[in-house]
Amino acid sequence: MGDDFNIEAIDDVIHGRLRLGVMAFLSTAGSADFPLLKSRLQATDGNLSVQLRKLEEAGYVLIEKAFVGKKPQTTVTLTDTGRAAYIGYLDAMRKLIADSEG
């Protein structure tokens with residue numbers, strides 16, 4: 001592997017499969033409601049909630065809860081900090097792949 005690769009550049013918050021899925025989906029969608037994320041990521045309510053909380057604690061997503069009529073709605077939005085972290089994560093993974101290929 002090349003000397004320029006730094007394993008510390010891999011963001012552990014993003015690296016989990018479900019959290020990576022959330023970040024990838026939101027990187028193009030910008031925001032999504034909880035049922036859409038749950039469906040797209042094939043996650044359970046509990047698991048998705050836990051993973052979203054970790055992303056929120058890192059400042060990568062904003063979670064907003066509101067009522068539409070009498071029905072609760074949770075919307076998850078990628079923050080600027082989250083977008084920058086996701087781009088950094090992808091760059092680190094590209095370096096890892098490039099180093100392993102050659």
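The values are calculated or read from the model by the stated rules, or taken from the named source; none is laboratory data. On a predicted model such as this, the values are computed, not experimentally measured, just so you know. Methodologically, a virtual Cβ is constructed for each residue, glycine included, from the backbone with ideal geometry; neighbour enumeration extends over all protein chains shown. Each accessible area value is taken on the protein alone, full model and side chains, heavy atoms only, with ligands, DNA and RNA left out. Shrake-Rupley method; radii C 1.70, N 1.55, O 1.52, S 1.80 Å.
Kindly provide the Kirkwood hydrodynamic radius of the chain in Å, to one decimal, from all pairs of distinct alpha carbon atoms. Mind dumping the intermediate values first?
Working: mean 1/r = 0.0689 Å⁻¹.
Evaluated on the chain, it is 14.5 Å.
Compute the helix-to-body angle for 80-101: its Cα long axis versus the longest principal axis of the chain, expressed 0 to 90° and rounded to tens.
Taking Cα atoms only, the helix is inclined about 40 degrees.
Per residue, how much accessible surface does segment 1-62 expose to a 1.4 Å probe? Answer in Å², no decimals.
On the way: 3650 Å² over 62 residues.
The answer is 59 Å² per residue.
If you place +1 on the Cβ of every Lys and Arg and -1 on the Cβ of every Asp and Glu, how big does the dipole about the Cα centre of segment 9-51 come out, in debye to the nearest 20? Display every interim value, and only then the final one.
Working: 4 positive and 4 negative charges, 26 e Å.
The calculation lands at about 120 debye.
Tell me the label-point distance for the pair Glu56, Thr81, using the 7 Å Cα-to-Cβ offset, in nm and rounded to one decimal.
That separation, rounded to one decimal, is 1.4 nm.
Give me the net charge of Thr44's neighbourhood, meaning all other residues with Cβ under 15 Å from the Cβ of Thr44; Lys, Arg count +1, Asp, Glu -1.
+4
Glu57 accessible area, nearest 10 Å², 1.4 Å probe?
140 Å²
So what is the relative contact order for the chain, in percent, with contacts set as C-alpha pairs under 8 Å and at least six apart? If you can, show how the numbers build up before the last one.
Numbers: 104 pairs, mean separation 37.4, N = 102.
This gives 37 percent for the chain.
Cross-chain or 8 or more residues apart, Cα under 27 Å: how many lysine pairs in the chain fit that? Count them up, please.
Values: Lys38/Lys54; Lys38/Lys65; Lys38/Lys70; Lys38/Lys71; Lys54/Lys65; Lys54/Lys71; Lys54/Lys95.
For the chain, the number of qualifying lysine pairs is 7.
Count the net charge of all other residues whose Cβ sits under 14 Å from the Cβ of Thr77, scoring Lys and Arg as +1 and Asp and Glu as -1.
Values: positive: Lys65, Arg83; negative: Asp33, Glu56, Glu64, Asp80.
Cβ neighbours under 14 Å give a net charge of -2.
Let me spell out the model: positive unit charges on the Cβ of Lys and Arg, negative unit charges on the Cβ of Asp and Glu, origin at the Cα centre of the chain. What dipole size does that give, in debye rounded to 20? Working shown, then result.
Numbers: 12 positive and 14 negative charges, 163 e Å.
Roughly 780 debye for the chain.
Taking 0.36 nm per residue of separation and subtracting the Cα-Cα distance, what length does fully extending Arg40 through Ile7 add? Write down the numbers at each step before the final one.
Numbers: separation 33, 0.36 × 33 = 11.88 nm, distance 2.94 nm.
Separation in residues times 0.36 nm, less the Cα-Cα distance, equals 8.9 nm.
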